[in-house]
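*Asks:* Following this message is one structure expressed as C-alpha cells.
All of the numbers you see were taken from the coordinates with simple rules; none came from a lab. Being a predicted model, the structure only gives us computed values, none of them experimental. Cβ coordinates were reconstructed from backbone atoms using ideal geometry, including for glycine residues, and neighbour counts include every protein chain displayed.
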Amino acid sequence: MEHPSNVKDLKTGTTTVGLIAGDTVVLAADMRASMGNLAYDEESEKIYQITDFMGVTNAGNVGDSLTIIRFLKSQAKLFEIEREERMTPRAASTLLSNVLNASRYYPYIVQLIVGGVNNKAELFEVTPFGATLERKKYAATGSGTDFAMNTLDQNYTLNMNEEDAIKLAIKAIEAGKKRDIYSGGESISVSVINRSGYRELSRQEVNKYLGEMNGQPTSAKKTRSS
C-alpha cells in the first residue's frame, strides 16, 4: 500500500490576492487546480461567499479547503441566527485561527484570505497553523505569491478607487499565472465586497479588463484564415 505522504492529492497551487480600496474589498484568484505536475482543472473556483458581506479565497489542498469553508459557512449562519447580527471578517478569522491551531499536529493544508465589510473594509490572512495577520492594504497567498506581491508593491496606492483595485487585482493574478507553473486557468475569478454587499464579476467583465490590459478590443472576434 502506498504511503499517504506519496499520494498526489488535488491542490490549488495558486495565486490569490485581496485588496482594500476605501470601503471596498476586492478578492481575486486564478482558476487552475493541479495534481502533482498535472494541470488537473482549468476552471476551479477559489473564492467563496461566506455571508452577504464577506468572502474567502483558498490556496492549498482542495479537500482541506472545502472542509474549512463549509465549516465557516455553517458557523457564520449559526452566528447570525443566534446573535441576530452578521459574523465579521475579524470574528471569522479568529474562529479559523482557533480551529487551525488546534489541528496543528495534523494540519489542514490551507492558506486563506478573509475579506469583507464591517464598519469598514477588513482583510485578514490565515496560515495553516492558525496565525492571523491583519492586512491594511493587500494580501497574497499561494505558489504565485512572490509575483503577485511584487505587482501589488509597485502599483498599490492608498487612494485607489474600486475600479483601480479591480484592475490591480487582475494584474497581480496575471503576473502569477505568467511566471508560476502551478497558477493558470481559463480566466480569473474576481469578487467585490462593499457596503452594498457581495458581488462576483462575470467572465465577460473580467475578459473586458484583460482585453484593456493587453491592448486588445474585447468586442473583436478572432477569425481563422482559410
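*Asks:* How far apart, in nm, are two points set 7 Å out from the Cα along the Cα-to-Cβ line at ALA102 and at GLN204?
*Replies:* It is 4.6 nm.
*Asks:* May I ask you to list the GluC sites (Glu not before Pro) in region 39-144 that are in a DSSP loop and have at most 16 other Cβ atoms within 10 Å of their Cβ?
*Replies:* Passing sites in region 39-144 are GLU42, GLU43, GLU45, GLU84, GLU85.
*Asks:* List, in order, the whole-Hz ³J(HN,Hα) value for each residue of region 160-170 obtained from phi through the Karplus relation with A = 6.51, B = -1.76, C = 1.60 and θ = phi - 60°; use x for Gly and Pro.
*Replies:* Karplus-based 3J(HN,Hα) across region 160-170 equals 5, 9, 4, 4, 5, 5, 4, 4, 5, 4, 5 Hz.
*Asks:* Give the residue list of chymotrypsin sites (Phe, Trp or Tyr not before Pro) in region 129-191 that are DSSP loop and have at most 14 other beta-carbon atoms within 10 angstrom.
*Replies:* Passing both the DSSP loop test and the Cβ count: PHE129.
*Asks:* What FRET efficiency comes out for THR67 versus ASN159 if R0 is 41 angstrom and r is the Cβ-Cβ distance? Round to the nearest 0.05.
*Replies:* 0.55
*Asks:* In whole Å, largest first, what are the principal axis extents of the Cα atoms in the chain?
*Replies:* Here the spans come out as 61, 53, 30 Å, largest first.
*Asks:* Here's another thing I want to ask about it. Relative contact order, percent, of region 147-213 when contacts are C-alpha pairs under 8 Å separated by at least 6 residues?
*Replies:* 27
*Asks:* Over the chain, what is the relative contact order in whole percent, taking alpha-carbon pairs under 8 Å and six or more residues apart?
*Replies:* 28
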